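The values are calculated or read from the model by the stated rules, or taken from the named source; none is laboratory data. Quick caveat, the model's predicted, so the values are computed rather than measured. With ideal geometry, Cβ positions are generated from the backbone for all residues, glycine too; neighbour counts draw on all protein chains shown.
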Amino acid sequence: MPERPDLEYVVPILHAELAGKRITGIRVRKPVVLRIAVPGTPEALLVGRTFARVSRRAHFVRFEFAESDAPEVIVSPMLAGRFALADRRSRAPADVAVACMLSDGRELRYRDDVQMGKVYIIAKDAWQQVPGLATIGVDVLDPKTFTRAAFRALARTRRDQVKVFLMDKAALDAMGNAYADEVLWEAQLHPKVMARSLSDAQLDRLHDAIVSVLTSARDTVAARRPPLDEKLRDFLNVRGRRGQPCPRCGATIRTARVHADDAHFCPHCQPDVRGTSIVDWRRV
């Protein structure tokens, strides 16, 4: 999915490009992505509305409109969702799920080739209508609230593996699969270690890794200025690099299942200190 560094680049561009633009038409090509929680069709609910603000809330993108009676649109891009702005006369790619025609002659396109993402139309501020939107965890890039002490206290309440903890948006705002792997590699922690078993020193190292990895990724994406619908991952150290050498020690990067997700890690830098694996990754 687009993760926080991606969205922190994309969302301000969407806001700058869309604010003040009116929706003149809607085209729904993949209805499976739509979730309408208020009476009416997408056309009746959105055509004629003027964009007022685009913002990020965890891994959701929130579109607000200027009219007082307007609903709002919440997009959860999930695995493959992405946005594009294009001339409406240009040929739309086959993966366009929903397109909003704009008063300036362009289209806002939501693209999703696997149709896992969701486009919610809800009553204004009715966040409880979108699973996972109402409760968002501590902002990991806010130094006033995301302190080492606050992170240690939060981790002590967990009864799950550390990668599961990192990806819990109700606890932390916010990481997904890719950056959880990068953070754990930076902190030299195995993705399956139990969060509450970590020492204060390990938790402090993990806290610092969260801040440094996400800040560096955000700055890298912003500096390279990719197209809105391009997801940059080529600068990551372990994610997507199974079978390649670890950039820190040279050991072969491996994968493991962590609940329903996969994890990329270095068996040498991030040993399974629990000793419960069938394979001792420290010796591979």
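Within segment 235-247, residues that are assigned by TED's automatic domain parsing to the domain that holds H190 have Cβ atoms under 9 Å from residues that are of a type in the set (K, R) and in a loop (DSSP other than H, G, I, E, B) in these pairs: N237/R248; R239/R233; G240/R233; P247/R241, counting only partners at least 6 apart in sequence or on another chain. Does R224 fit the bill of being touching a residue at least 12 places away in the same chain (Cβ under 8 Å), in the same structural domain as R248 (by TED's automatic domain parsing) and farther than 21 Å from V75 by Cα? In short, no. The residues on offer are G176, G240, and the sole one that is modelled with pLDDT under 95, within 14 Å of the chain's Cα centre (by Cα) and small (G, A, S) is G176. S199 meets the conditions (1) crowded, with 17+ Cβ neighbours inside 10 Å; (2) modelled with pLDDT of 95 or more in every case but one. The failed one is (1). Just so you know, in segment 197-234 the residues that are in a loop (DSSP other than H, G, I, E, B) and more than 16 Å from the chain's Cα centre (by Cα) include one that is nearest to L85 (Cα to Cα), and it is P227.
So that you can scan it fast, the table gives a plain yes or no per residue for (1) touching a Ser or Thr at 6+ places or on another chain (Cβ under 6 Å); (2) more than 29 Å from Y179 (Cα to Cα); (3) in contact (Cβ under 8 Å) with a residue 12 or more places away in the chain; (4) not assigned by TED's automatic domain parsing to the domain that holds M175:
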| position | (1), (2), (3), (4) |
| --- | --- |
| G25 | no, yes, yes, yes |
| R53 | no, no, yes, yes |
| V61 | no, no, yes, yes |
| A66 | yes, yes, yes, yes |
| R82 | no, no, yes, yes |
| S103 | yes, yes, yes, yes |
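Considering segment 128-144, and only residues there that are hydrophobic (A, V, I, L, M, F, W, C) and touching a residue at least 12 places away in the same chain (Cβ under 8 Å), the residue that is surrounded by the most Cβ atoms within 10 Å (Cβ to Cβ) turns out to be V140.
The rows are residues; the columns are (1) free of Cβ contacts under 8 Å to residues at least 60 places away in the same chain; (2) within 24 Å of A37 (Cα to Cα); (3) assigned by TED's automatic domain parsing to the domain that holds D219; (4) not β-branched (V, I, T).
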| position | (1), (2), (3), (4) |
| --- | --- |
| V98 | no, yes, no, no |
| K118 | no, yes, no, yes |
| A123 | no, yes, no, yes |
| F146 | no, no, yes, yes |
| R156 | yes, no, yes, yes |
| D160 | yes, no, yes, yes |
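On the given criteria, is F83 more than 23 Å from V138 (Cα to Cα) and crowded, with 16+ Cβ neighbours inside 10 Å? When the stated conditions are applied, F83 passes them.
Out of curiosity, is A126 over 30 Å from A86 (Cβ atoms) and of a type in the set (A, V, I, L, M, F, W, C)? In short, yes.
Condition test on A170, is it without any contact (Cβ under 8 Å) to a residue 60 or more places away in the chain and of a type outside the set (S, T, N, Q)? Considered against the rule, which asks whether it is without any contact (Cβ under 8 Å) to a residue 60 or more places away in the chain and of a type outside the set (S, T, N, Q), A170 comes out as yes.
Just one of the listed residues (A187, A150) is out of contact with any Ser or Thr (no Cβ under 6 Å at 6 or more places or on another chain), without any contact (Cβ under 8 Å) to a residue 24 or more places away in the chain and surrounded by fewer than 17 Cβ atoms within 10 Å (Cβ to Cβ), namely A150. Condition (residue is in a loop (DSSP other than H, G, I, E, B), in contact with a helix residue (DSSP H, G or I) (Cβ under 6 Å, 6 or more places away or on another chain) and at pLDDT 95 or above) applied to segment 27-50: is it met by at least one residue? Yes, segment 27-50 has at least one match.
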